[in-house]
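Reviewing the structure listed below.
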Amino acid sequence: MQTFTIPTPDDWHLHLRDEAMLATTVPASAAVFNRAVIMPNLVPPVTTVEAAMAYRQRILQQLPETYRFQPMMALYLTAETTPELVAEAAANEHIIGFKLYPSGATTNSAAGVKSVDALAPVLEAMQQHEVPLLVHGEVTDADVDIFDREKVFIDRHLRPITEKFPTLRLVLEHITTADAVAFVEESSEYVAATMTPQHLLMNRNDLLVGGVRPHNYCLPILKRRSHQMELQRAALSGNPKFFLGTDSAPHTQDKKETACGCAGCYSAPAAIELYAEFFDAHGALDKLADFASGFGADFYRMPRNTNELTLVKETWQVPATVDTANGPMVPYWSGESLNWKVQS
Ligand code: DOR
Ligand code: ZN
C-alpha cells in the first residue's frame, strides 16, 4: 500500500459556527489538523477577548478526548475596535489576530468595516503589537462586478495599507485571482495568503456550466481558469507566502439549495485529501508538507508541528451528505472520488 506522511497540518482559515453545529464541525477538523484559525463571523460577531475565550471553550467542549487541537481565535474587526483592544488581544496567547470583513462582503459580515481608512489607528496598533491582520479582500460597491471585487480591494485598500504600515503582518485570505497572487509576490515578507481547495481545484465553469452548482458557490466567487492557473502556479512554486487555509464553511443543505443560497463550501470532511489531490495531479506531492504544515506556522511565528499524518493511496468517495443537529449538509466534492485518504 502506497502511503505518504507529512507533519500534521494546520488550517489557517476555518469556520466552525456555534452551538449544536460544533458537534459536527469540531471533530471533523480536529481529526486532521493540529491547529486552526477560527473565524469570528458568528451572529453576533466575536468582537471581544471575553467572547473569543467563551467561544474557544465551547469549541474545546466538543473535542474528542484523544484529539489535540488548538483553536486560535480571530477577533472581528469593527468600527468600534480600539487600539486598547488590540493591546489586550496581543497579550492573549489564544488570539491570533483580527479579521477584517468589509461590511456586506460575505456570510455574517453586516457588522463589518464600512470605512477602511477609519481603521488607521487600529492598524497602527496592530503593527506596533505585531498582531496579524486577516483580510477578506473584496469591495462591496454595487457598481463593482463580483468578479472584479478582489482586484479592486487590493488596488484601493491593500496597497495603501501595506505602504502606510510596512511591517503590519497581513494575510490576504482565500485568494482567487492572478492580481492577488501578484500582490502577495510583490509585497514584503510581512504579507502572505491562504488558499482554499476549491480555488485550486475549480474555476467558474465548475460553478455555472451545465447548471448552477450551489455547493461550489463561495466568496470570493470562483474565477476564470486563467486566475485558477495562477493560483496553482503560486501554490506549486514553494513560495512560503502561500499556505493552506480551507475556509471550510458549513451551511445546511436547505440553506445552499434554495433561491438565494449561502456562500461557503464545507470542505472539512476531505480537506487535506483535496489538497493532496491537487498537488498529486500536478506531480508535486512533495510540496504538500510545506504548504499544509510548514509555511503557515512560519508566517505566524509558531513552532512547526512535530507529530505526523499519513495519507494512504486509496480511492474513496466523499459522502453525499453529513448529518448535523441542524439538518443534513452537503460537503464540498460530495459524491466525487479522491485518491488519497487519511489513515485512520
Ligand atoms: O464562502 C464563504 N463563506 N466566504 C466567506 O468569506 C465566509 C464563509 C462563511 O462564513 O460561510
Ligand atoms: Zn472564511
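The values are calculated or read from the model by the stated rules, or taken from the named source; none is laboratory data. These figures come from a predicted structure and were not determined experimentally. Don't worry about glycine lacking a Cβ; one is built from the backbone with ideal geometry, like all the others, and counts go over all protein chains shown. SASA here: full protein model, heavy atoms, side chains in, ligands and nucleic acids out. Shrake-Rupley method; radii C 1.70, N 1.55, O 1.52, S 1.80 Å.
Does the stretch 108-136 hold any residues that are modelled with pLDDT under 95 and over 22 Å from ARG156 (Cα atoms), and which are they? Across the stretch 108-136, the qualifying residue is only ASN108. Identify all residues within the stretch 309-342 that are in a strand (DSSP E or B) and either of a type in the set (Gly, Ala, Ser) or closer than 15 Å to ALA268 by Cα (or both); write none if there are none. Selection gives GLN317, VAL322, MET329, SER337, LEU338, TRP340, LYS341, VAL342.
A quick yes/no check of all residues on (1) within 14 Å of ligand 2 (Cβ to nearest atom); (2) in contact (Cβ under 8 Å) with a residue 12 or more places away in the chain; (3) over 23 Å from PHE183 (Cα atoms); (4) of a type in the set (D, E, K, R):
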site	(1), (2), (3), (4)
LEU222	no, yes, no, no
ARG225	no, yes, no, yes
GLY245	yes, yes, no, no
GLN253	no, yes, yes, no
ALA263	yes, yes, yes, no
GLU273	no, yes, yes, yes
LEU285	no, yes, yes, no
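Which residues, counting only those in the stretch 3-23, are in a strand (DSSP E or B) and away from ligand 2 (no atom under 15 Å from the Cβ)? Within the stretch 3-23, THR3, PHE4, THR5, ILE6, PRO7 meet the criteria.
Close contacts from the stretch 54-79, counting a first residue that is within 18 Å of LYS99 (Cα to Cα) and a second that is among the polar types (S, T, N, Q), with Cβ to Cβ under 6 Å and a gap of 6+ residues or different chains, come to TYR76/THR47; THR78/THR47.
From the list LEU172, LEU207, LEU219, exactly one residue is under 15 Å from ASP148 (Cα atoms) and within 14 Å of ligand 1 (Cβ to nearest atom). Which is it? Give the derivation first.
Working: LEU172 fails: under 15 Å from ASP148 (Cα atoms); LEU207 fails: under 15 Å from ASP148 (Cα atoms).
So the residue among LEU172, LEU207, LEU219 that is under 15 Å from ASP148 (Cα atoms) and within 14 Å of ligand 1 (Cβ to nearest atom) is LEU219.
Considering the stretch 295-339, and only residues there that are of a type in the set (Phe, Trp, Tyr) and within 26 Å of LEU22 (Cα to Cα), the residue that is most open to solvent (accessible area, probe 1.4 Å) turns out to be TRP333.
Checked against the criterion of being away from ligand 1 (no atom under 16 Å from the Cβ) and among the hydrophobic types (A, V, I, L, M, F, W, C), the candidates ALA249, ALA178 yield just one match: ALA178.
Exactly one residue among VAL37, VAL46, VAL26 is part of a loop (DSSP other than H, G, I, E, B), of a type in the set (Val, Ile, Thr) and touching a helix residue (DSSP H, G or I) at 6+ places or on another chain (Cβ under 9 Å), and that residue is VAL46.
Being open to solvent by 50 Å² or more (accessible area, probe 1.4 Å) and either more than 16 Å from ligand 2 (Cβ to nearest atom) or not acidic (Asp, Glu) (or both) is true of LYS114. Could you grab me the full set of residues in the stretch 129-147 that are touching a residue at least 24 places away in the same chain (Cβ under 8 Å) and either open to solvent by 30 Å² or more (accessible area, probe 1.4 Å) or not in a loop (DSSP other than H, G, I, E, B) (or both)? Scanning the stretch 129-147 gives HIS129, GLU130, LEU133, LEU134, VAL135, THR140, ILE146, PHE147.
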